[in-house]
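Inspection log for the structure reproduced underneath, given as structure tokens.
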């Protein structure tokens, strides 16, 4: 099973018209394959519509797209091409712990929170393993609607979507009690925003690490054998060596340094 996630950025003020056209075309579209999900954005990037189609594999998707191109009845109904400012399509693999779209009853749930993370290359298996262990506890707050990782399109993406009855329930679910956030493992302290060049942060027990982020500022550096000026930021990682080996901390800083110095690698 795979999911095609198509995201359309529409011209301002055209979301309602796009959805109306989509609804009229949907019965004909679903003769080729069923719709898995359809959302429009309320917060974050605005004027976006997202729809999801499940397929058994890429071969089925290719066949469906070819059949749609030959469907004269479908082509006679107006689509939304004239309303679209930008479009992207991604092929996603469902997480091992995800229930298939449409297989669960979410009751009166009508608000979906979609979170998208881009990880360093090779980290996705570790992310899935960690979430697989935590998903049962997380679903006590709200059900998981979807969780997938990118296969084609933007790579190294991890996306999860949660269902809430309304925004009030979302706020209640996101409000942690003291005992719930005391079990964290990692903190970030950013004094760079206040102009602090470099500092060492104190670990918040019982957490294992804290990353101190200093200010980015122009500093002299050696480049190609000569002096040059570059924006440099100092970050200091404090580790509790009872739970985190210093070598592991050094590996984390090395990976962090590469990503900060070359952010485009997060898209590879």
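Angle between the Cα long axis of helix 58-69 and the longest principal axis of the chain, 0 to 90 degrees, nearest 10?
40 degrees
Helix-only estimate, please: 222 nm mean residue ellipticity of the chain, summing -39500 (n - 2.57) across DSSP H runs of length 4 or more and dividing by its residues, to the nearest 500. Don't skip to the end; give the middle numbers.
On the way: 7 runs with 75 residues, N = 268.
It lands at -8500 deg cm²/dmol.
Output the peptides 10-17, 56-63 sorted from most to least packed, where packing is the average of other Cβ atoms within 10 Å over each peptide's residues.
Ranked from most to least packed, the peptides come out as 10-17, 56-63.
What ranking, highest mean first, results for peptides 20-26, 190-196 when packing means the other Cβ atoms within 10 Å averaged over each residue?
With the highest mean Cβ count within 10 Å placed first, the list reads 20-26, 190-196.
Looking at the P(r) of the chain, how many percent of alpha-carbon pairs lie beyond 24 Å?
So the pairs more than 24 Å apart make up 63 percent of the total in the chain.
Enter the angle in degrees (range 0 to 90, nearest 10) between the Cα long axis of helix 124-138 and the first principal axis of the Cα atoms of the chain, meaning the one along which they spread out most.
Roughly 80 degrees between the two axes.
Let me know the Kirkwood hydrodynamic radius for region 177-268, please, with Cα pairs as the basis and the value in Å to one decimal. Write down the numbers at each step before the final one.
On the way: mean 1/r = 0.0666 Å⁻¹.
Kirkwood radius, region 177-268: 15.0 Å.
Run the numbers on the chain and let me know its relative contact order in percent, using alpha-carbon pairs under 8 Å that are six or more apart. Mind showing how you got there, number by number?
Details: 435 pairs, mean separation 39.8, N = 268.
With pairs under 8 Å counted, the relative contact order is 15 percent.
So what's region 24-90 giving for Cα Rg divided by 2.2 N^0.38 Å, two decimals?
Computed over Cα atoms of region 24-90, the ratio equals 1.22.
If you build the convex hull over the alpha carbons only and average its shadow over all orientations, what do you get for region 95-175? Give it in nm² to one decimal.
Spelled out: convex hull of the Cα atoms, projected over all directions, averaged, 5.8 nm².
Based on the Kirkwood radius over alpha-carbon pairs, what value in µm²/s does the Stokes-Einstein equation return for the translational diffusion coefficient of region 64-129 at 20 °C and 1.002 mPa s?
Value of D from the Cα-based Kirkwood radius: 127 µm²/s.
Readers should treat all values here as calculations from the given coordinates under stated rules, not as data from a laboratory. Owing to the predicted nature of the structure, the values given are computational and were not obtained by experimental measurement. Quick reminder, even Gly has a Cβ in these numbers, built from the backbone with ideal geometry, and neighbours come from all protein chains shown.
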